[in-house]
1. For region 163-275, what class follows from the C-alpha gyration tensor (a ≥ b ≥ c being the square roots of its eigenvalues): rounded when a/c is under 1.5, otherwise prolate if a/b is larger than b/c, else oblate?
2. What residue among Arg88, Arg254, Arg224 shows peak mean-square fluctuation when the chain is described by a Gaussian network model with Cα springs under 10 Å?
3. Using modelled amide H (1.01 Å from N, peptide plane; none on Pro or chain starts), what sits under 5 Å from the amide H of Phe66, excluding residues fewer than 5 places away?
4. Taking the Cα centre as origin and putting +1 on Lys and Arg beta-carbons and -1 on Asp and Glu beta-carbons, what dipole magnitude results for the chain, to the nearest 20 debye?
5. Considering Cα pairs under 8 angstrom that are at least six residues apart, work out the relative contact order of the chain and quote it in whole percent.
6. I need the shape label for region 57-176. Rule: rounded when a/c is under 1.5, else prolate if a/b > b/c, else oblate, with a, b, c from the alpha carbon gyration tensor.
7. Keeping the other protein chains in place, figure out the carbon and sulfur percent of the accessible area of region 209-275, with a 1.4 Å probe.
8. Multiply the residue separation of Thr176 and Ser192 by 0.36 nm, subtract the distance between their alpha-carbon atoms, and state the gained length in nm to one decimal.
Amino acid sequence: MIVVTGATGNVGRRLVETLAAAGEEVTAVSRRISAADVPEGVRTAQADLAEPAGLKTVFDGADRVFLLTSGDFMAAGGNVADVVSAARESGVRRIVLLSSQGVGSGRHAPAFETAVKESGLEWTVLRPGGFASNAFQWAPSIRADRVVAAPFADTALPVIDPLDIADVAAVALRETGHNGQTYVLTGPEPISPRQQAAAFGAALGEPVRFTELTEDEARSEMSRFMPPVVVEATLAILGSPTADERRVSPDVERVLGRPGRTFGEWAARNAAAFT
């Protein structure tokens, strides 16, 4: 059995669907989840990873786990080593961890990866860059005014479609040959905020204007829904990315045998959210 944590998010929902379609026995885990959130035949379990004492029943009978922690996990005092221990004690033998490209660049702490790598279990680490789905933040302004407002207009990064993250995770969970591997996951081409606005225009069939924010304007806007340390880290990546953060990684194509989906494909698939 495969346990998928974060099962109602952009990555987890697709992963549950993919595994179920492949005939795997799946338990979908989230703090708020019901049978309506998953395909028929998938078991659901409501659980908070920050409370590992309640995870034994979640992991019971599982041999593989996809581990995704929410942004609230650390704020709630969560310790990923406790989650890993609960999984190991329940008989889990393989963990696929959703980490971040920022661990490799030194922008984010490696504690989560360290806990998994030192667990004694089989492990695979996925380090995605920026998600294409972060563009949902522009949905209100695109719907209302057909405008995208963002800083660093022409700084291009290879954002990744969450569906590709889920597809790589499914392979790592189901197939051999991925133990001890760390995969950096990016889209197939760098794209700037100005180019993303143009991609929305193409997807919607009408122009979408781009307005460049100053760094201070962006900081003020982001501070409404991000803690200060996350705001500063995000602005640093968006405004002064390293060479590695700009680079297209070959890992998606190496694992899946095809290139990753483009941002334009993501925008076209999600156009209804912006109309």
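1. Details: a/c = 2.18, a/b = 1.38, b/c = 1.58.
Taking the square roots of the gyration eigenvalues as a ≥ b ≥ c, region 163-275 is oblate.
2. Arg224
3. Excluding prolines and chain starts, which carry no amide H, the hits are Val3, Val4, Thr5, Val96.
4. My answer is approximately 200 debye.
5. 17 percent
6. Details: a/c = 2.19, a/b = 2.09, b/c = 1.05.
It is prolate, given that a/c is not under 1.5 and a/b is the larger ratio.
7. Carbon plus sulfur share of accessible area: 56 percent.
8. On the way: separation 16, 0.36 × 16 = 5.76 nm, distance 3.62 nm.
Residue separation times 0.36 nm, minus the Cα-Cα distance, leaves 2.1 nm.
The values are calculated or read from the model by the stated rules, or taken from the named source; none is laboratory data. Owing to the predicted nature of the structure, the values given are computational and were not obtained by experimental measurement. Methodologically, a virtual Cβ is constructed for each residue, glycine included, from the backbone with ideal geometry; neighbour enumeration extends over all protein chains shown. All accessible areas refer to the heavy atoms of the entire protein, side chains included, with ligands and DNA or RNA removed. Shrake-Rupley method; radii C 1.70, N 1.55, O 1.52, S 1.80 Å.
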